[in-house]
Amino acid sequence: MSDVPFATPAARSGSFMTVTSANHFDKEADFTDHVVSSLHRNREYHEFIFNDVPPSWADAVYQHIDEIIPSRKSYNSESRELRSRVKPTEILDCIQPWLFKQPLIWLLNGDITLQEVELFDPGVGTTLFFISGPYSGSWKEPDFFFRPNNHILPTIAVESGWSESKELLRKGMDLSLVGGNGSINVVIIVQWTRLQERVSGTVDLFVKDKNGMPTLQQSEPIFPRPAAPNNLSIKRRDLFGPALVPGRNGNDTLYLDLGRLRNYATRGLGFMNLVPS
C-alpha cells in the first residue's frame, strides 16, 4: 500500500492531510466526537490539522484519544492549532533506531563515558507539556527526543515528516525551541520527499540565536547520497544541558552519523516498496 495516499476529503488539504476548523462546531463534545471518529476510520498515514481550537477543547481531545488511538499529537496554544498524525510509517520512524543506538556509538568511540550514557532518558511520542513562556498551555509529542534523567523537558527533539508538512514541521520546531523556555537546545527536522517510487531526504538542525530565536545551523542531504560522508554536529552542553558532568568540556563536538540514518532509511523504504533517490 502506498505510504502517501492521493485522495483527500478536504479542499485545503494535501494528499495525506485534512484541515478542519473547529469553528464548524458549536459544542466541545461534537468537536471531540468528530476528531475521534476521523482518527478511528483512517487505515494509513494521515495528518489531521484542526484550526481555531480553544485550549479547553484541545485538552478534551487529548484526554479522549491519548490512550485509545495510537497517534502523535501536538497543540499550539498561540495559534490554536491541534495536530494529530496516525499510522506513522517505516520511513518516518527510521530515525528511532538511528538515534536510540547513537549513545552506544559515542561510547564505543570514546566520545562519552558510561556515566554520561546513564544520564540518557530517550523517548518517542511522549507528551511534553509547556507550562511557561509564549506557548504556555501547549503540548507536543516529538518523534524522538533526548532527555537527561530527572528533567521534564528534553534537550534535543527530533521530528520526521514528508515535505508536504514542511510548514507544520517548522511550526513544531519553533514551539519546541521557544516554548521550551531554554530547556530544548536543538531541534532536528528530517524531511522526506517522494517522487513516484523514489524518495529524497534532507536533515536540518536548528538552534537558538543570541536573542533566543530559532535559527538554522546545519542542513545536510540524506538522499541522494552525497559524494563524501556527512554528519550532524552538536555540542556536549546542548546534549546534556544542566546534567553536564563536572569536568567534561561542554564545547566538545559530538557527531550524529548520517550514514547510519541512510542505512535505516534504505531498509525502511524497502519495506514500503520504495527506493532512495
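Since every read-out is calculated from the coordinates, none of them should be taken as a lab result. Worth saying up front: this structure is predicted, and the values here are computed from it rather than measured. All Cβ positions, even for glycine, are placed from backbone atoms using ideal geometry, and neighbour counts span all protein chains on display.
A few points about this structure:
- Nonlocal Lys pairs with alpha-carbon distance under 15 Å, the chain (8 or more apart, or different chains): 6
- 5 angstrom amide H check on H46, placed H, neighbours 5+ away: V86
- Alpha carbon centroid spacing (whole Å) that separates the range 184-201 from the range 122-144: 21 Å
- About the centre of its Cα atoms, the range 17-86 shows a dipole size close to 280 debye [charges on the beta carbon of Lys, Arg (+1) and Asp, Glu (-1) only; nearest 20 debye].
- Two-site FRET efficiency, R225 against N109, from Cβ-Cβ distance with R₀ of 25 Å, rounded to 0.05: 0.65
- In this simple spin-label approximation, S163 and Y255 carry label points 7 Å from Cα along the Cα→Cβ vector, and these lie 2.8 nm apart.
- Computed about its Cα centre, the charge dipole of the chain is approximately 620 debye, with only Lys, Arg, Asp and Glu carrying charge at their Cβ.
- Angle of helix 166-179 to the longest C-alpha principal axis of the chain, folded into 0 to 90 degrees and rounded to 10: 70°.
- Taken one residue at a time, the phi angles of the range 24-31 give Karplus couplings (6.51, -1.76, 1.60, θ = phi - 60°) of 6, 10, 8, 10, 4, 5, 5, 5 Hz. Gly and Pro are set to x.
- Rounded to whole numbers, the Karplus 3J(HN,Hα) couplings from phi for the range 81-98 are 10, 9, 10, 9, 10, 10, 6, x, 10, 4, 5, 5, 9, 5, 5, 5, x, 4 Hz, using 6.51 cos²θ - 1.76 cosθ + 1.60 with θ = phi - 60°, and x at Gly and Pro.
- The mean sequence separation of alpha-carbon pairs under 8 Å and at least six residues apart, normalised by the residue count of the chain, gives a relative contact order of 13 percent.
- Stretching D59 away from I152 to a fully extended chain increases their span by 31.5 nm, per 0.36 nm per residue minus the current alpha-carbon distance.
- Calculated from backbone phi, Karplus (6.51, -1.76, 1.60) coupling profile of the range 239-245 in Hz, x at Gly/Pro: 6, 9, x, x, 8, 3, 5
- Placed amide H near I184: partners under 5 Å, 5+ positions off or other chain: none
- Loop-located chymotrypsin sites (Phe, Trp or Tyr not before Pro) across the range 227-277 with a Cβ neighbour count of 12 or fewer within 10 Å are lacking, with loop assigned by DSSP.
- The chain: angle of helix 258-271 to the longest principal axis, Cα-based, in degrees nearest 10: 40 degrees
- Gyration tensor (alpha-carbon) shape descriptor, the range 139-189, a/c threshold 1.5: prolate
- Considering only beta bridges that DSSP places wholly inside the chain, some 75 percent are antiparallel.
- Candidates L168, G201, P229 compared by Cα position along the dipole of the range 142-236: farthest toward the positive end lies P229, with charges placed on Cβ.
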